[in-house]
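Every number here is computed from the coordinates shown, using simple stated rules; none is lab data. Because the structure is a prediction, the values reported are computed rather than measured. Here the Cβ positions follow ideal geometry from the backbone for every residue, glycine too, while neighbour counts run over all protein chains shown.
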Amino acid sequence: MSTGLIVGIIIILLVVGVPILQALIRGIQRRRSLAAEGVPGLRAAGLRSDDLPRGLSPQTAEAVTSEDIALADDNPEATITQLDDSGRVIGYRESFRDPRSWGEFIDWALTQSIHRNRQHRRVEVELTRYESSEQAEQALQADPPSDLGDAGVTVEDAGERAGLLVREWTRTENGDSVQRMLELRWASGDVLGVVRGDSEPSGALDDDEVERLAALVKGRLS
C-alpha cells in the first residue's frame, strides 16, 4: 500500500471519525449535566424549536456549575469563592445557531469554504439560580467583565426595553462593525435570565426577534 493511499485513508478517518467522537462525548456530558439538581426546572423555561427564527438549529444545552466557571478561569480558587459569596447555585445554558453546527472540525472546514460569506446568527439563553431574589438582583446589576480579551470589542448599556435591561456588544475591524451581540437581562425571583442574539455581520439577526425570545423565556419563569 502506497504512502499516499495511507495518508488519504487517515485523512478520511479523521474527517469522519472526529465529528462522531465529538458528538458521542458531548452526548454523554449533556445527559449528565441536564440531570443535575435544579437544572430541569431551568430547562423547562428555555426555548422550543417552534419559538426560534427560521434557520436556527440547536447547538448546545448544558448545566453550568460554579466549578465549571472557576476551572475555565486563570484563578479558579478566587473565582469559586466569589461565586459562592454571590449566592450562585446552578446555571443552565442553551444555544441555537445558523448555519447548523456539525462539530468543531467540520464547522471550521465549512467556514473556510461554502460558509465563507454566509451570515452567521446565534441565540443563547442562560438562566442562573441564586439563593435569594436579592442576590439575583445584584447579579443583574453587575458590570460586564472588565477584561474583554479583544481590543476591538466595545460594550454599551442601552437602557431598558419592556422590563429587560439592554446591553450591546460590538466588534469592529478597521473601523467597521463586523459583529454585534444584543444582550437582554432580567431577574425573575431568584433566577437571573439572559438572552443574547449574536450576528455576524452586524444586523443579520433582528433585534425584535431577540426581544421576543427573551419575553417568552421571562414569561415561562413567572
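Model label points for Ala44 and Asp68, set 7 angstrom from Cα along the Cα-to-Cβ axis, are 2.0 nm apart. What the Cβ-Cβ distance of Ser133 and Asn75 gives, at R0 = 25 Å and to the nearest 0.05, is a FRET efficiency of 0.30. Between Arg161 and Val166, the built amide H atoms are under 5 Å apart, and every one of these is 5 or more places off in sequence or on another chain.
Taking amide H as placed 1.01 Å from N in the peptide plane, the amide H of Val64 sits under 5 Å from that of Gly91, Tyr92, Arg93, each at least 5 places away or on another chain. Taking the average, over residues, of other Cβ atoms within 10 Å as the packing measure, peptides 181-192, 156-167 rank 181-192, 156-167 from highest down.
As an exercise, use a Förster radius of 45 Å and the Cβ-Cβ distance of Asn174 and Glu37 to find the FRET efficiency, rounded to the nearest 0.05.
Numbers: r = 48 Å, r/R0 = 1.07.
Using R0 = 45 Å, I get an efficiency of 0.40.
Between Glu160 and Asp51, the simple label model (points 7 Å from Cα in the Cβ direction) yields a spacing of 2.3 nm. Across region 175-186, coupling constants 3J(HN,Hα) worked out from phi with the 6.51/-1.76/1.60 Karplus curve, θ = phi - 60°, read x, 9, 6, 10, 8, 9, 10, 9, 10, 10, 10, 7 Hz, and Gly and Pro carry x.
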